[in-house]
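Have a look at the structure below before the remarks.
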Amino acid sequence: MAMGQHCAVLQIVGYQNSGKTTLMEKLIAKASEEGARVATIKHHGHGGAPETVYRKDSQRHERAGAVIAGVEGAGTLCLNIQQASWQLEELVELYQLFHPDMILVEGYKKADYPKVVLIRDKEDVAYLQKLTNIICVLYWQDVDLSTFTCPAFPIRKEALYMELLLKKVRN
């Protein structure tokens, strides 16, 4: 990547236990196998600063092949950097200094980067109306998504969407 050139960012969002971290692991592993330098940012959505126990997801990211993995919550970024608070845009800018080929973000649903939304059931469908820049929806149960124009795939059928997602973040 040339100096000053920024890499692509892709967000994975959904309610707790919707499969975000598992999808992140699969994307990291696939991109890493292809030789990409993958950086990840995880939003710590449990309130307060992330404790060591909450680093388990970013440690899973590292084991999957991420060259940079962080977890953020309540202004603490587990790279031992302290600041009053962190905006996702600041974290992306910081990560760009390490020249990753792509940045995968778990959470930060209010940010406006291209995002994949994981839907567990019909109650989660209303969630889609609150989000911007959705590139696709992955669902666990058949739900009515007829009012949305983005592609939707069953989450268990990775062959249908994995290449689409990686194409969004390849340079």
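Helix 20-33 versus the longest principal axis of the chain: what angle, 0 to 90°, nearest 10, using Cα atoms?
70
Cut-off under 20 Å on the C-alpha distance; same-chain residues fewer than 8 positions from Lys130 excluded. Which aspartates and glutamates are left, in chain and number order?
Hits, sequence-local ones excluded: Glu89, Glu106, Asp112, Asp121, Asp144.
If R0 is 25 Å, what FRET efficiency do you get for Leu160 and Gln16 from their C-beta distance, rounded to 0.05?
0.50
State the antiparallel share, in %, of DSSP beta bridges confined to the chain, rounding to the nearest 5.
The answer is about 15 percent antiparallel.
List the residues of the stretch 63-102 whose backbone N lies under 14 Å from a point placed 7 Å from the Cα of Glu34 along the Cα-to-Cβ direction.
101-102
Relative contact order of the chain, please, whole-number percent, based on alpha carbon pairs below 8 angstrom and at least 6 residues apart. Walk me through the numbers on the way to the answer.
Values: 305 pairs, mean separation 48.2, N = 171.
Rounded, it is 28 percent for the chain.
Over 20 Å between Cα atoms: which of Lys20/Lys56; Lys115/Lys157; Lys56/Lys168; Lys56/Lys122 fall into that group?
Lys56/Lys168; Lys56/Lys122
Compute the distance in nm between two label points, each set 7 Å from the Cα along the Cα-to-Cβ direction, one at Arg170 and one at Thr149.
Computed distance between label sites Arg170 and Thr149 equals 2.6 nm.
Counting alpha carbon pairs within less than 8 Å and at least 6 residues apart, what relative contact order, in whole percent, applies to the stretch 115-160?
38
Quick one: pull the percent of accessible area on the chain belonging to carbon and sulfur, 1.4 Å probe, ligands and nucleic acids left out.
Details: 4480 of 8960 Å².
Carbon and sulfur together cover 50 percent of it.
For the pair His6/Asp121, report the inter-label distance in nm, with labels modelled 7 Å from Cα in the Cβ direction.
About 3.9 nm, to one decimal.
The values are calculated or read from the model by the stated rules, or taken from the named source; none is laboratory data. Given the structure is predicted, the values throughout are model-derived calculations rather than measurements. Counting neighbours? That spans all protein chains shown, and the Cβs are built from the backbone with ideal geometry, glycine included. The accessibility values were calculated without ligands, DNA or RNA, using every heavy atom of the protein model including side chains. Shrake-Rupley method; radii C 1.70, N 1.55, O 1.52, S 1.80 Å.
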